[in-house]
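One structure below.
The values are calculated or read from the model by the stated rules, or taken from the named source; none is laboratory data. Because the structure is a prediction, the values reported are computed rather than measured. Note that each Cβ is placed from the backbone with ideal geometry, even for glycine, and that neighbours are counted across all protein chains shown.
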């Protein structure tokens with residue numbers, strides 16, 4: 001579904017990504033892993049058109065994303081939950097969720113009920129401002145907002161960061177359900193090794209801006225963990 005070939009990215013004179021090759025098959029749940037500062041978030045931003053590319057290609061469902069501006073990528077069926085959630089704090093929960101409705105191809109005018117089924121707390125807080133929610137509730141809102149567009153590919157950047165354990169569990173259950181029951185393709189950045197092993201079926205490790213290991217999650221052995229993931 002998602003294919004990246006020879007991707008290089010720079011901030012000024014500083015190169016952050018080097019010849020990235022990555023494929024996320026349809027229906028897979030791939031976890032992008034690595035220590036802080038190795039380029040994980042930059043790679044997601046490159047996919048979403050939020051940082052310029054120096055060279056390389058990014059294709060989703062055969063469409064060349066590099067030729068599309070950032071605002072034209074969500075209509076291709078890509079939902080994005082950025083690091084730090086980035087909900088709109090002065091808008092209500094309902095207003096945050098409704099933002100994605102115009103992108104839907106079926107012209108649906110209301111928030112799909114399944115989002116409230118996955119995150120019941122959101123339905124009880126529809127009129128509250130997003131900024132008044134707890135961190136965990138804001139993360140659920142951010143994921144719900146991404147799901148409103150009915151994505152085929154869901155991209156999540158550290159969805160468990162700074163979240164209380166009970167909501168981490170809920171988010172894990174939602175991600176597994178979306179992938180295994182609904183067949184949604186998921187690209188996940190995650191630092192918690194246990195969480196990654198629990199939800200993902202594939203992994204890719206970045207180190208110093210390069211993809212150094214990739215494969216089925218069962219191949220993520222202790223040697224790779226010690227070399228690239230432990231601090």
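Matching residues to (1) farther than 21 Å from residue 225 by Cα; (2) under 15 Å from the mean Cα position of the chain (by Cα); (3) part of a strand (DSSP E or B); (4) modelled with pLDDT of 95 or more:
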{"site": "20", "(1), (2), (3), (4)": "no, no, yes, yes"}
{"site": "42", "(1), (2), (3), (4)": "yes, yes, no, yes"}
{"site": "46", "(1), (2), (3), (4)": "yes, yes, no, yes"}
{"site": "52", "(1), (2), (3), (4)": "yes, no, no, no"}
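Provide a single number: the residues in segment 109-143 that are within 20 Å of the chain's Cα centre (by Cα), surrounded by fewer than 18 Cβ atoms within 10 Å (Cβ to Cβ) and under 17 Å from residue 162 (Cα atoms).
1
Determine, yes or no, whether residue 59 is at negative phi, in a loop (DSSP other than H, G, I, E, B), modelled with pLDDT of 90 or more and in contact with a strand residue (DSSP E or B) (Cβ under 8 Å, 6 or more places away or on another chain).
no
Among the residues of segment 159-175, write down those that are in contact with a helix residue (DSSP H, G or I) (Cβ under 8 Å, 6 or more places away or on another chain) and either at pLDDT 95 or above or surrounded by 16 or more Cβ atoms within 10 Å (Cβ to Cβ) (or both).
159, 160, 163, 167, 168, 170, 171, 172, 174, 175
Identify all residues within segment 156-183 that are in contact with a strand residue (DSSP E or B) (Cβ under 8 Å, 6 or more places away or on another chain) and within 14 Å of residue 139 (Cα to Cα); write none if there are none.
Listed by number, the residues that qualify are 156, 157, 158, 159, 175.
Every residue in segment 178-231 that is in contact (Cβ under 8 Å) with a residue 24 or more places away in the chain, part of a strand (DSSP E or B) and either farther than 25 Å from residue 78 by Cβ or touching a helix residue (DSSP H, G or I) at 6+ places or on another chain (Cβ under 8 Å) (or both), please.
Once the filter is applied, which keeps residues that are in contact (Cβ under 8 Å) with a residue 24 or more places away in the chain, part of a strand (DSSP E or B) and either farther than 25 Å from residue 78 by Cβ or touching a helix residue (DSSP H, G or I) at 6+ places or on another chain (Cβ under 8 Å) (or both), segment 178-231 yields 185, 186, 187, 188, 189, 202, 203, 205, 206, 207.
Taking segment 88-108 on its own, how many of its residues are surrounded by 13 or more Cβ atoms within 10 Å (Cβ to Cβ) and in a helix (DSSP H, G or I)?
8
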